[in-house]
Amino acid sequence: MRAEKLSVSLPESSARFLEEYQAKHALKSRSEVIELAIRLLRERDLESAYRLAAREADSAYEVTASDGLADETW
């Protein structure tokens, strides 16, 4: 995977947390900690999108999608 180098400024407390998290979880670099955080944010957004889609699902779909065969046919 190609990496892009970034420079970020963090409050001292966030930088300290980053270092502590890296040490506590035996991660190789601060970049690994940030990559993990980004992955978790993506997962949270995806979960939110799935919840929204589930609420928008049409309950009548199951009736209209029926092929007319009983489950026992299979």
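With respect to (1) open to solvent by less than 90 Å² (accessible area, probe 1.4 Å); (2) at pLDDT 90 or above, the lone exception for Ser7 is condition (1). When region 27-41 is filtered for residues that are open to solvent by 80 Å² or more (accessible area, probe 1.4 Å) and of a type in the set (A, V, I, L, M), the ones remaining, listed by number, are Leu40, Leu41. Considering only region 12-44, state which residues are of a type in the set (A, V, I, L, M) and assigned to a helix (DSSP H, G or I). Result: Ala15, Leu18, Ala23, Val33, Ile34, Leu36, Ala37, Ile38, Leu40, Leu41.
The condition of being at pLDDT below 95, in a helix (DSSP H, G or I) and open to solvent by less than 100 Å² (accessible area, probe 1.4 Å) holds for Ala49. Among the residues making up region 14-44, those that are farther than 15 Å from Ala3 by Cβ, at pLDDT 95 or above and among the charged types (D, E, K, R) are Arg16, Glu19, Glu20, Lys24.
The values are calculated or read from the model by the stated rules, or taken from the named source; none is laboratory data. Bear in mind the structure is a predicted one, so any value in this text is a computation, not a measurement. All Cβ positions, glycine included, derive from the backbone under ideal geometry; neighbour counts span all protein chains shown. The accessibility values were calculated without ligands, DNA or RNA, using every heavy atom of the protein model including side chains. Shrake-Rupley method; radii C 1.70, N 1.55, O 1.52, S 1.80 Å.
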